[in-house]
Amino acid sequence: MPKRTDIKRVLVIGSGPIVIGQACEFDYSGTQACKALRAEGLEVILVNSNPATIMTDPEIADRTYVEPLTPDVLEKIIDRERPDAVLPTVGGQTALNLAVALSENGTLEKYGVELIGASVDAIMLAEDRLKFREAMREIGADVPESRYVRNMEEAVDAVDALGFPIIIRPSFTLGGVGGGIAYNIEELRELASRGIDLSPVHQVLLEESVIGWKEFELEVMRDCADNFVVICSIENVDPMGVHTGDSITVAPALTLTDKEYQRMRDLGRRIIRRVGVETGGSNIQFAINPENGRIIVIEMNPRVSRSSALASKATGFPIAKIAAKLALGYHLDEIPNDITRLTPASFEPTIDYVVVKVPRWAFEKFPRADRTLTTQMKSVGEVMAIGRTFKEAFMKAFASLELGSSGLLFSQNTRRLAGGLTADEEEGALQRELSVPTDRRMWAVFRAFERGWTVEELHELTKIDRWFLVQFSQLVELQRSAGLVGLRGMSRDMFRTLKRSGFGDRELSGILGADEESIRSARLEHGLKASYKRIDTCAAEFESFTPYLYGTYEQECEADPTPRQKVVILGSGPNRIGQGIEFDYCCCHAAFALREEGFETVMVNCNPETVSTDYDTVDRLYFEPLTFEDVSSIIAREQETGGDVACVVQYGGQTPLKLALSLQQAGIRILGTSPDSIDLAEDRERFAQLLWDLGIPQAPSGSATTPDEARDVAATIGFPLVVRPSYVLGGRAMAIVYDVAALDRYMIRAVAASPGHPILIDKFLEDAVELDVDAVADSTGAVVIGGIMEHIEEAGIHSGDSSCVIPPFKVIDRHVALIRDYTRRIARALNVVGLMNAQFAIREDTIYVLEVNPRASRTVPYLSKATGVPLAKVAARVMIGRTLAQLGLTEDLDVSGYFVKTPVFPFVRFPGVDTILGPEMKSTGEVMGGASTFGIAFAKAQLAAGMQLPKEGTAFISVNNHDKPAVVQIARDLRDLGFRLVATRGTANYLRAHGLSAEIVFKVNEGRPHVGDEILNDRIQMVINTPLGRESFFDDRTVRRIAMMHGVPSITTLTGAAATVQAIKALRGEGLTVRALQEYHAEAATRKA
Amino acid sequence: MKAILALENGSWYEGEAAGAAGETGGEVVFNTSLTGYQEILTDPSYSGQIVTMTCPEIGNYGVAADDGESRKPQVAGFIVRDESPVASNWRSDSTLREYLVRHNVVAISDIDTRALTRVLRSAGVMRGIIATGDVDPRALVEQARGLAPMEGSDLVLGVTCDAPFDWKPARPDEFTTSAERQPGRALRVAAYDYGMKWNILRRFTAYGCDVRVFPATAPASDLLASNPDGVFLSNGPGDPAALSYAVHNARELVKSEVPVFGICLGHQILSLAMGGSTYKLKFGHRGANHPVKELETGKVEITSQNHGFAVDADSLPKDVKVTHVNLYDGTVEGLRHETMPVFCVQYHPEAAPGPHDADYLFRQFLDEMEKRA
């Protein structure tokens, strides 16, 4: 069939900010879909609130709206753009929910817009568990017994029928938010009531537990001619009970007979048909009882998903791209397979390697969070590794996690016993760690095998399939034999076996008690080096034309490098808090720019969610861990044919930077700013000297390794202080201390955690205004400032967690000029060639430099979207020798209007964790709002971050004494806007004293009804609550959490509150309008001309 | 124990013995199916062949009594990348190695199976020897060169049954897919056993047919004398062109007006009988993911395949129509006679291993048989 000719304009809905359960895999799939649609000659209109995405690059779509993802805003866009169709299947659950909303509120009908990819009926059927269950029974598929409940009574009745343990699944929430497993009536009460609260329709499903069963997923596709293919089967190493996003998974499924697998495949076909997904991809989850093979259907997602991104990377089959084409009416057999070129997409990929995915959690950021893994996803990122065997892929995946020494699978026993645990205690601890899954369970499995536990014992406790456990025990056995012979006594055969089983040089260094360099040279002496194999969708049955490679220890190498000039770009590894999609965005841009400049581009990365690991982003893709061993081996292979090979390390965040010096020492040319300059900026003493020489102020600082030293430093600098360990990423373990007692507490903890490492102590510039600056500098010393971003929250909030705005709206021109001057001088002094980020603070007419990082920063994509100038691309060109003048950039960049960036947080997933912000970064993603005024831009950003600002109602105010004077004006503005004011006693008295009437409401511990009740009863529409600088009170935390769970805006800084007031004013005055990035950029260009 | 795989092109691979000790020779081929190594091992069509599994982890779920496609392994030898030391499945009776040793199948593991596959893909399948223990690879290469080539080999005589018998169906289990429909009355099928996979028989049972199985050498008149509602020609090993007796019998059947259905070798024999010719493919089709298009409806089936020879489309007489083609390489996958009730497919609608997409062909055979009655 030819494609449909009645569709000319398509609106693609993105997935919004990165949150747990919905990460950059949707940038990958959305970008693929947009490219595929445009390649078919369609006009693509894109909406996504997340600026840190490749898909929102203005050249990816014809019209790009970085606007809030709400039904109202989408209606405005549809009204303006009049698309023929909406594609909602590449933007996660967010896009599906929006599609349903647009259908239900009549927008689609009103504008005559068709949904393509999935119908509302199909979406509803897959989402509504009751309907889904009935549909499954109709087609003869087994499902777990379950009941819907809307209150506790019904819940108790249901559990009588279904028994404990019981699974709680709230309806219509993302990534299982609010779900869990209850083992007793207490837990049921807690989880069911939370779930009922969180569900938009106030309903939860209670479901028969199949905990401990084997868990599988199928990635399937169907076209409008009812052709059906399975792209990939995935097996969860962690059995049922752990969310698949939190499970270690492997592709292909490894423990199913053909009969079991084909039965599952048959079910898959019946399910996608019955649900009614006429074109596109779906993900279907199954559970199989290991005792008798009973198979049940768990759920189905009628869209591309995290697992389909994984499946695409695991097989080389681009699911999102093909799904977009199928939505246009193509049949699978009409679409060619890009990798083999000669064969069509209507086949089932088969692979001759094993893929292992391991999640990456960020519990260190949320110390109070429960680390137990359940049906609600908690991980923030993932790594994928490819090996010829399961063992190899598994070991490579763990090496990819970048967890430092705690990531090593072996030698953890000695560490634990050194930590003071007795052998008995350790046995008990192990038992618990094995039976209750947490992020650290796999290390417990290895410790248990090292201690001689048997496969049966581990199976009993973990329910992990014996096949996997035997693989692990074999790894432990190999490690034991290696440890016995040592490095000197090791034969080539044994060394080869270890490498073929995936043991990295680093892991071997721990096992053999030798440094990594000795391991490496011994290995090379034995002639053992990695060879590279291709991912080709067909297990070598046909020739492949895409160099998508992974390393292994095999006879034949298929890397086949060219003698061209090439640049190796090192990616940023797994997403984590503080290092997310922004860096992948930058890496992709480096690749795009350098390819345009005629270089052969080579990417190294291990994050399957990313655009950078799409096989057509670069000329050559190595899906490998970002370790020195793997990177240097790739570069060595690429150098073999004689072409010049240089390396980009400044785009992937800390991950590649950590490798910069060792790569340079190994003789590899680093492009752009030298590793020494990068080091200079990170080395406090050297950097302080440099600023001193330049005459640029810096906050007073010092460092200490003991509590006594810290007190001495505090005595000279004076409180408050910012304290942090010398190695930091995303503000890890950073704190603000206001007095000696707090300083002592911090120091004692820090010294215990890492003895000997200095703690950095800075004067905390209280109430200062902070600014972020991104600039590009070239080798002639020219510097172009991309933008100066003013933080909306005052100093003390991590820059990644602070909302910010460009252009600055409160900073006076003289200060802006000074900041430009400082930035230029620092860039020149550091000999920056490429990107540089600097952070400044303004306090009492002095501008202090807080930090300078001569590398890509988190704000680069946001700034690029605001200005319309792709800074990362510009910097990449500068790094290979072009000058800014050659690139036509002679002036600092400007924007048309205001652009506000606002972070989003994962607090909803971590009950008990305070939502208060501080110097430790906690946000997972960001959104951008743009408008001609600050107020609307801010309101849009808030809306995009999920915070609907009230236009009227009651505001609750409770602030600390320090903030009381300044809150008066905010309260007055709110009153003038018609808000009723309520406050806690102290704040209310203060407001009354300043002529504002404020009703008193009880704190949570003062009696009832208290403020929490008032929020739950919808009597409070907004919360302004600033905590004391030190440990906040439990009361505050409760209020903030109730507000968050109930969807009431909760503002914890006064500057944030002031901005909110401005936004409410603007919302009531002007209202929201929408505008495409292309329009903003055209206006900025005109203005300049 | 060490083992070596030597090929007639002069190359060899050193690995570990993964089955019985000893030496074996055959045509080295590769199969890309991710599941179903037991079905592959026991498929008589692999007689005379050493099968390489491209899926690297093999043996994980062991071997189960109910999953065989014949009484014992039929391959000449077996090649895997990584052999599982355990059998992890509730139905398994033994590990893969125990099974191979018990049936004296020589196997090798721990070699670069992808490199081997790439050689076979570009140079074509070739003869090879697996030998365990301390062996001289150069001597093995010479030995491989001395093996009889597949072209012209009648391997059917080694795997067909000795005498006619009635297939006694086992009770269907939870893995039996239900038939699209049941016949109005009990139907009798007479089947030529050229090395028939048991799942073909199981599918006939599911479709309500009683099957009498005949040796490959039985005259067509014997089959027709049993007064069948339809005649079936099974899969099997080797070169169809070497089976003049089978082609002769097939010619009789085509003329008989009894509905005839053929699979794989049966399809090739029917093609020859109807006047077509066959040729050897460079590296064959062996796997469970091959897309086949049914030309009449345009529907694409994902199919299970195992064949080294193919029918030449240009050789076919006018009254034989190509019904199915392979979307990988355009080769003939299915034929139908315009006037006689004869149809056949190159691939395996009985699956085992592989997808069940083409099961409808059994229903079509049912239709043909009922139409005539």
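Selection within region B:28-82: residues that are aliphatic (A, V, I, L, M), assigned to a loop (DSSP other than H, G, I, E, B) and within 12 Å of another protein chain (Cβ to nearest Cβ). The member of this set that is surrounded by the most Cβ atoms within 10 Å (Cβ to Cβ) is B:34. Just one residue in the set A:335, A:295 is within 19 Å of residue A:241 (Cα to Cα), aliphatic (A, V, I, L, M), more than 31 Å from the chain's Cα centre (by Cα) and within 14 Å of another protein chain (Cβ to nearest Cβ); that residue is A:295. Please verify whether residue A:290 is under 21 Å from residue A:375 (Cα atoms), surrounded by fewer than 24 Cβ atoms within 10 Å (Cβ to Cβ), in contact (Cβ under 8 Å) with a residue 24 or more places away in the chain and at the interface with chain B (Cβ under 7 Å from one of its Cβ atoms), treating the condition exactly as stated. So residue A:290 fits the description; yes.
Results for (1) touching a strand residue (DSSP E or B) at 6+ places or on another chain (Cβ under 6 Å); (2) under 19 Å from residue A:1078 (Cα atoms); (3) touching a residue at least 12 places away in the same chain (Cβ under 8 Å); (4) not β-branched (Val, Ile, Thr), shown as yes or no for each residue.
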| residue | (1), (2), (3), (4) |
| --- | --- |
| A:47 | yes, yes, yes, no |
| A:66 | yes, yes, yes, no |
| A:72 | no, no, yes, yes |
| A:78 | no, yes, yes, no |
| A:108 | no, no, yes, yes |
| A:111 | no, no, yes, yes |
| A:114 | yes, no, yes, yes |
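Test of understanding: among B:284, B:276, B:354, B:308, which residue is crowded, with 17+ Cβ neighbours inside 10 Å, more than 12 Å from chain A (Cβ to nearest Cβ) and under 18 Å from the mean Cα position of the chain (by Cα)? B:308 is the lone residue from the list that is crowded, with 17+ Cβ neighbours inside 10 Å, more than 12 Å from chain A (Cβ to nearest Cβ) and under 18 Å from the mean Cα position of the chain (by Cα). The number of residues in region A:370-415 being in a strand (DSSP E or B) and of a type in the set (Val, Ile, Thr) comes to 3.
Residues in region B:220-244 that are part of a loop (DSSP other than H, G, I, E, B) and farther than 17 Å from residue B:272 by Cα: B:226, B:227, B:228, B:229. Inclusion of residue A:59 among residues that are among the charged types (D, E, K, R), buried (at least 21 other Cβ atoms within 10 Å of the Cβ), closer than 25 Å to residue A:857 by Cα and modelled with pLDDT of 95 or more is not warranted.
With respect to the conditions (1) small (Gly, Ala, Ser); (2) out of contact with any strand residue (DSSP E or B) (no Cβ under 6 Å at 6 or more places or on another chain); (3) crowded, with 24+ Cβ neighbours inside 10 Å, residue A:323 falls short on a single one, namely (2).
Counting only strands (runs of 3 or more DSSP E) wholly contained in region A:163-252, the ones carrying 2 or more residues that are of a type in the set (Asp, Glu) and either under 17 Å from residue A:147 (Cα atoms) or in contact with a strand residue (DSSP E or B) (Cβ under 7 Å, 6 or more places away or on another chain) (or both) occupy A:204-208, A:214-222.
A single member of A:188, A:205 is out of contact with any Ser or Thr (no Cβ under 9 Å at 6 or more places or on another chain), over 30 Å from residue A:315 (Cα atoms) and surrounded by 16 or more Cβ atoms within 10 Å (Cβ to Cβ), and it is A:188. In region A:160-186, of all residues being small (Gly, Ala, Ser) and under 17 Å from residue A:22 (Cβ atoms), the one that is modelled with the lowest pLDDT corresponds to A:175.
Counting residues in region B:93-109 that are β-branched (Val, Ile, Thr), over 28 Å from residue A:291 (Cβ atoms), more than 7 Å from chain A (Cβ to nearest Cβ) and in a helix (DSSP H, G or I) gives one or more.
In region A:253-284, of all residues being closer than 20 Å to residue A:467 by Cβ, touching a residue at least 24 places away in the same chain (Cβ under 8 Å) and not in a loop (DSSP other than H, G, I, E, B), the one that is farthest from the other protein chains (Cβ to nearest Cβ) corresponds to A:264. Selection of first residues in region A:417-432 that are under 11 Å from residue A:451 (Cβ atoms) and of second residues that are at pLDDT 80 or above, restricted to Cβ pairs under 7 Å at least 6 apart or on distinct chains, gives the following pairs, ordered by first then second residue: A:417/A:426; A:430/A:444; A:430/A:447; A:430/A:448. What residue, among those in region A:467-496 that are closer than 16 Å to residue A:239 by Cβ and touching a Leu at 6+ places or on another chain (Cβ under 9 Å), is farthest from the other protein chains (Cβ to nearest Cβ)? By that ranking, first place goes to A:472. All of (1) surrounded by 24 or more Cβ atoms within 10 Å (Cβ to Cβ); (2) more than 21 Å from the chain's Cα centre (by Cα); (3) part of a helix (DSSP H, G or I) hold for residue A:307 with one exception: (2). Each residue in region A:116-152 was checked for being assigned to a helix (DSSP H, G or I), touching a residue at least 40 places away in the same chain (Cβ under 8 Å) and either within 31 Å of the chain's Cα centre (by Cα) or surrounded by fewer than 16 Cβ atoms within 10 Å (Cβ to Cβ) (or both), and 11 pass. Of everything in region B:110-150 that is in contact with a strand residue (DSSP E or B) (Cβ under 6 Å, 6 or more places away or on another chain) and part of a loop (DSSP other than H, G, I, E, B), the residue that is surrounded by the fewest Cβ atoms within 10 Å (Cβ to Cβ) is B:124. Taking the numbered list (1) free of Cβ contacts under 8 Å to residues at least 40 places away in the same chain; (2) more than 20 Å from residue A:604 (Cα to Cα) in turn, residue A:658 passes all entries but (2). For region A:675-767, give me every one of the strands (runs of 3 or more DSSP E) that falls completely inside it and has 2 or more residues that are of a type outside the set (D, E, K, R) and under 23 Å from residue A:836 (Cα atoms). Output list is empty.
For region B:124-151, residues that are under 19 Å from residue B:280 (Cα atoms) and either of a type outside the set (A, V, I, L, M, F, W, C) or more than 13 Å from chain A (Cβ to nearest Cβ) (or both) total 10. Of the listed requirements (1) surrounded by fewer than 24 Cβ atoms within 10 Å (Cβ to Cβ); (2) within 26 Å of the chain's Cα centre (by Cα); (3) of a type in the set (Asp, Glu), residue A:67 misses just one: (1). If you check residue A:521 against the conditions, is it among the small types (Gly, Ala, Ser) and away from every other protein chain (no Cβ under 12 Å)? Judged against the criteria, residue A:521 is a match.
So is residue A:209 polar (S, T, N, Q) and out of contact with any Lys or Arg (no Cβ under 8 Å at 6 or more places or on another chain) or not? Answer is yes for this residue.
When region A:564-604 is limited to residues that are polar (S, T, N, Q) and within 24 Å of residue A:922 (Cα to Cα), the one that is surrounded by the fewest Cβ atoms within 10 Å (Cβ to Cβ) turns out to be A:579.
The values are calculated or read from the model by the stated rules, or taken from the named source; none is laboratory data. The structure presented is a predicted model; accordingly, all values stated were derived computationally and were not measured. Cβ atoms come from the backbone with ideal geometry, glycine included; neighbour counts cover every protein chain shown.
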